[in-house]
1. Going through region 57-77 one residue at a time, which ones are surrounded by 14 or more Cβ atoms within 10 Å (Cβ to Cβ) and more than 16 Å from the chain's Cα centre (by Cα)?
2. Spot the failing condition for residue 96; the list is (1) without any contact (Cβ under 8 Å) to a residue 24 or more places away in the chain; (2) under 17 Å from residue 15 (Cα atoms); (3) touching a helix residue (DSSP H, G or I) at 6+ places or on another chain (Cβ under 8 Å), and only one is missed.
3. Please determine whether any residue of region 59-71 is outside any loop (DSSP other than H, G, I, E, B), under 28 Å from residue 126 (Cβ atoms) and touching a strand residue (DSSP E or B) at 6+ places or on another chain (Cβ under 9 Å).
4. Only residues that are touching a residue at least 24 places away in the same chain (Cβ under 8 Å) and exposed (fewer than 14 other Cβ atoms within 10 Å of the Cβ): list them for region 33-51, please.
5. Taking only region 16-32 into account, find how many residues are modelled with pLDDT of 95 or more and farther than 14 Å from residue 117 by Cα.
6. Could you figure out which of (1) outside any strand (DSSP E or B); (2) modelled with pLDDT under 95; (3) in contact with a strand residue (DSSP E or B) (Cβ under 8 Å, 6 or more places away or on another chain); (4) farther than 30 Å from residue 24 by Cβ isn't true of residue 96?
7. List the number of the failed condition for residue 13; all other conditions in (1) more than 13 Å from the chain's Cα centre (by Cα); (2) part of a loop (DSSP other than H, G, I, E, B); (3) farther than 15 Å from residue 115 by Cβ; (4) modelled with pLDDT under 90 hold.
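The values are calculated or read from the model by the stated rules, or taken from the named source; none is laboratory data. Quantities reported herein were computed from a predicted structural model and do not represent experimental measurements. Backbone-built Cβ (ideal geometry, glycine too); neighbour counts: all protein chains shown.
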């Protein structure tokens, strides 16, 4: 990608930080419940691979950063199956998967849920019309 004065050359997400209160418990949730691939940890953070994007679970560095993170949308091929599996593992969903937009040849489905630190997350799936 070309870097110009009006374009910094950003081409993809490299890492996303999610604030957590207990790194060990959060690691267990993201690794064992969500099934993300664990990469490594340090005393105040743990790192996972999510389809080439690094996800960092970390303790807030200062009081002003101690709040839930932005919503991360995890793409899944089959949202009903993903929802069923996570619900069976005790994940608390806001609602069942539902269509949020009809986009010509496919529908965009989402299901929102919370992690153990009350961060809002979502499953998303683009379902082709048959």
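1. 59, 60
2. Unmet for residue 96, out of (1) without any contact (Cβ under 8 Å) to a residue 24 or more places away in the chain; (2) under 17 Å from residue 15 (Cα atoms); (3) touching a helix residue (DSSP H, G or I) at 6+ places or on another chain (Cβ under 8 Å): (2).
3. As a first pass, look at region 59-71 and keep what is outside any loop (DSSP other than H, G, I, E, B): 63-65.
From what's left, under 28 Å from residue 126 (Cβ atoms): none.
No, because not a single residue in region 59-71 is outside any loop (DSSP other than H, G, I, E, B), under 28 Å from residue 126 (Cβ atoms) and touching a strand residue (DSSP E or B) at 6+ places or on another chain (Cβ under 9 Å).
4. 51
5. Looking only at that region, the number is 2.
6. Going through (1) outside any strand (DSSP E or B); (2) modelled with pLDDT under 95; (3) in contact with a strand residue (DSSP E or B) (Cβ under 8 Å, 6 or more places away or on another chain); (4) farther than 30 Å from residue 24 by Cβ one by one, residue 96 breaks only (2).
7. Result: residue 13 passes all but (1).
Here is a yes/no grid of residues against (1) within 18 Å of residue 32 (Cβ to Cβ); (2) without any contact (Cβ under 8 Å) to a residue 12 or more places away in the chain:
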residue: 53; (1), (2): no, no
residue: 62; (1), (2): no, yes
residue: 78; (1), (2): no, no
residue: 100; (1), (2): no, yes
residue: 110; (1), (2): no, no
residue: 114; (1), (2): yes, no
residue: 119; (1), (2): yes, no
residue: 122; (1), (2): no, no
residue: 125; (1), (2): no, no
